[in-house]
Protein chains: 2
Amino acid sequence: MSEEKRTEIGDLGEFGLIDKISEEVRIYHPETVKGIGDDAAVFDMGDSLMVISTDMLLEGVHFDLSYMPLQHLGYKIVAVNVSDIAAMNATPKQITVNIGLSNRFSLEAVELLYEGVRAACEAFKVDLVGGDTTASQAGLVLSVTVTGTVPKDQITYRSEAKKGDILCVTGDLGAAYVGLQVLAREKQEFLGNPDMQPKLDQYSYVVGRQLRPVARMDIIHELADKQIKPTSMIDVSDGLASEVFHLCKQSGLGAAIYEDKLPIDKEAYETAAEFSLDPNMCALNGGEDYELLFTISQEDFEKIKNHADIHTIGYMQEKEKGKALVTRGGNVVELQAQGWKHF
Amino acid sequence: MSEEKRTEIGDLGEFGLIDKISEEVRIYHPETVKGIGDDAAVFDMGDSLMVISTDMLLEGVHFDLSYMPLQHLGYKIVAVNVSDIAAMNATPKQITVNIGLSNRFSLEAVELLYEGVRAACEAFKVDLVGGDTTASQAGLVLSVTVTGTVPKDQITYRSEAKKGDILCVTGDLGAAYVGLQVLAREKQEFLGNPDMQPKLDQYSYVVGRQLRPVARMDIIHELADKQIKPTSMIDVSDGLASEVFHLCKQSGLGAAIYEDKLPIDKEAYETAAEFSLDPNMCALNGGEDYELLFTISQEDFEKIKNHADIHTIGYMQEKEKGKALVTRGGNVVELQAQGWKHF
């Protein structure tokens, strides 16, 4: 047997692996406007652009059915994919759901899952048009693809932010991560004492953020109404810091973020403290918020400055100035992106 | 604990499950021309139609890496999805590949897989534009989505066959199934004696059909050149009989198939005999041929009758006459669709 070279994927990380895969990809169709490297790929259909995004969720890696009810899981897989379409400033249109099922799942379980899928399809107005159903030897496997459309002059990429643009984020950050901690603790307590009743009332907001994320299509529609086209946009799935890194890298810029501007919900703040977690770190690196991070030019600031759900958290600056976090104490430190590591 | 109703998915089957899921689906966008129920979903993009199809392949269910080299697997997942686009009479344009990897897979293994993906993308001229890469606790998980485009007047559905139309199938049938038997036998022999060398030379055609299927885009281009628009079309993934059932059901018709017209390769025929398998049954129910089954109106018969790779195997008839198989002996029996059962 020959000694073959073996490089662990864990050493490379998800983004390193994607870079490797992208390196040798060839594009054959001039209509492919954008391939790998944004929230969605883009295809020129003549009258308008078609965007497409896809995600895979595996039991034991992305979700734990001991605290994720199937309806919520169904809702969540749709919402997180619609969120990618929103991040292109596009409107979701069609969705396909592939599902692999081990034999511990009954028809009734599958129906619960699809109840959630249908509820999200209704909430975000997207048509369930297909999918593959198959047996699995390894629990529940879900893979979802969403398409959307957007007029040619309205699409937003990660790469078009300009120096001086204002960084905005919607909603609040960190709550989904804090909610996950609550659910994990409840699971441990339940394993220790199966007769116990879950005590989740005082954590309803953070748990809801984990179980039932919302794709911010409402913001996309509002921005269109206000005639604001973000200069760049991404959805917050891996944590704010990681997403700021993506915008900076692809726009060839640096950024400055103000810690005291990070929107953190009161319940998330208090629950983080209960777990001895720094709420700012939860907001910066927690992940799964599915809010939108975007940049606007300064002239659009007046149009959003009083919006209750859009928060200005910093600005884009020269690449040489790096990615800075201005702490509550006024110190300037380098922003760290921890991101979501599942490898 | 309450007694909850539990219906096994195995009792329902894949098509029963899909019917259940489809029942309550709502469509919100008038541009959705076709949802669940054909080889691909269809979306009206103004100038032309966009089609989308998706498939999931799981290790241990759809493939066995002990005899499926990773390059071939990468090629196959692209080819089988392109085949669905071909079955809509469309041209493939973009593809996304989601991949879940357990830690036994190295970067080098992933690169082999993508070598196959890229080779198929080149062969079928489709742009790899995205995908999700994630850790898996359960071996290799693959999910692929392909989009394509087709002029509005050229799309083919399963539902538009007419009484008297001629049933055609491309290439030959059953070889992929026979090839799978050869590979499974080799695996057993290898497990019994790990020093043995595989003896696959005399089975190269059937093994190749299993490991490296071809999507028949060549036929799609030829039909266009000959100005033939099939009245209905489907790709042969679950076995010819099962696909004839789909065309009949969706077109509201019956069909007659002639056993002596089934195209079976000589090597497949002989190898089937070696395994004591009926070659006709392999052709009718084997699956994974990825040939095209389509109907044409009788006036188009002249244009294809001398085509070496298009075989006329029967015709569509009134629903009341059922689905008939005319045996070599001249007997008329009811066609049985066994299909691919993985639940």
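The values are calculated or read from the model by the stated rules, or taken from the named source; none is laboratory data. Everything numeric here is computed off the predicted structure, so don't read it as measured data. Every residue, glycine as well, gets a Cβ built from its backbone with ideal geometry; the counts of neighbours run over all protein chains shown.
A few notes on this one:
- Counting the residues of segment B:171-193 that are touching a residue at least 24 places away in the same chain (Cβ under 8 Å) and in a loop (DSSP other than H, G, I, E, B) gives 4.
- Summed over segment A:36-53, residues that are touching a helix residue (DSSP H, G or I) at 6+ places or on another chain (Cβ under 8 Å), β-branched (V, I, T) and more than 7 Å from chain B (Cβ to nearest Cβ) total 1.
- Residues located in segment A:1-31, provided they are under 29 Å from A:V141 (Cα atoms), hydroxyl-bearing (S, T, Y) and within 7 Å of chain B (Cβ to nearest Cβ): A:T7
- Filter result (closer than 30 Å to A:I296 by Cβ and not aromatic (F, W, Y)) within segment A:122-143: A:A123, A:K125, A:V126
- Restricting the search to strands (runs of 3 or more DSSP E) fully inside segment B:1-67 and requiring at least 2 residues that are surrounded by 14 or more Cβ atoms within 10 Å (Cβ to Cβ) and out of contact with any Phe, Trp or Tyr (no Cβ under 8 Å at 6 or more places or on another chain) gives B:41-44, B:49-58.
- Residue match in segment B:138-146 (condition: touching a Lys or Arg at 6+ places or on another chain (Cβ under 9 Å) and within 25 Å of B:L240 (Cα to Cα)): yes
- Total residues in segment B:85-94, condition assigned to a strand (DSSP E or B) and more than 8 Å from chain A (Cβ to nearest Cβ): 2
- Test: A:A135 is among the hydrophobic types (A, V, I, L, M, F, W, C), outside the structural domain of A:C248 (by TED's automatic domain parsing), in contact with a strand residue (DSSP E or B) (Cβ under 8 Å, 6 or more places away or on another chain) and surrounded by fewer than 20 Cβ atoms within 10 Å (Cβ to Cβ): yes
- Criterion (farther than 27 Å from A:D55 by Cα and surrounded by 24 or more Cβ atoms within 10 Å (Cβ to Cβ)) met by exactly one of A:A255, A:A175, A:A215: A:A255
- Condition met for B:A109 (in contact with a strand residue (DSSP E or B) (Cβ under 7 Å, 6 or more places away or on another chain), modelled with pLDDT under 95 and within 16 Å of A:L12 (Cβ to Cβ)): no
- None of A:Y67, A:Y28, A:Y75 is out of contact with any Ser or Thr (no Cβ under 7 Å at 6 or more places or on another chain) and free of Cβ contacts under 8 Å to residues at least 60 places away in the same chain except A:Y28.
- Among the residues making up segment B:95-110, those that are surrounded by fewer than 24 Cβ atoms within 10 Å (Cβ to Cβ), at the interface with chain A (Cβ under 7 Å from one of its Cβ atoms) and either assigned to a strand (DSSP E or B) or charged (D, E, K, R) (or both) are B:L101, B:S106, B:E108.
- Strands (runs of 3 or more DSSP E) wholly inside segment A:111-170 containing at least 2 residues that are within 12 Å of another protein chain (Cβ to nearest Cβ): A:127-130, A:133-135, A:141-150
- Some residue of segment A:229-244 being surrounded by fewer than 16 Cβ atoms within 10 Å (Cβ to Cβ) and at pLDDT 95 or above: no
- Filter pass, B:T134 being in contact with a Gly (Cβ under 7 Å, 6 or more places away or on another chain) and at pLDDT below 95: yes
- Test set (1) over 23 Å from B:S83 (Cβ atoms); (2) free of Cβ contacts under 8 Å to residues at least 40 places away in the same chain; (3) not in a helix (DSSP H, G or I) - B:Y315 fails condition number: (2)
For every residue, the table says whether it meets (1) over 21 Å from A:Y114 (Cβ atoms); (2) touching a strand residue (DSSP E or B) at 6+ places or on another chain (Cβ under 9 Å); (3) not assigned by TED's automatic domain parsing to the domain that holds A:E243.
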| residue | (1), (2), (3) |
| --- | --- |
| A:H29 | yes, yes, yes |
| A:T32 | yes, yes, yes |
| A:D39 | yes, yes, yes |
| A:V42 | yes, yes, yes |
| A:M56 | no, yes, yes |
| A:Q71 | no, no, yes |
| A:K76 | no, yes, yes |
| A:N81 | no, yes, yes |
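- Among (1) farther than 25 Å from A:T96 by Cβ; (2) surrounded by 24 or more Cβ atoms within 10 Å (Cβ to Cβ); (3) outside the structural domain of B:Q250 (by TED's automatic domain parsing) - the single one B:C121 does not satisfy: (1)
- Scanning segment A:133-150 finds one or more residues that are of a type in the set (G, A, S) and within 24 Å of B:M45 (Cα to Cα).
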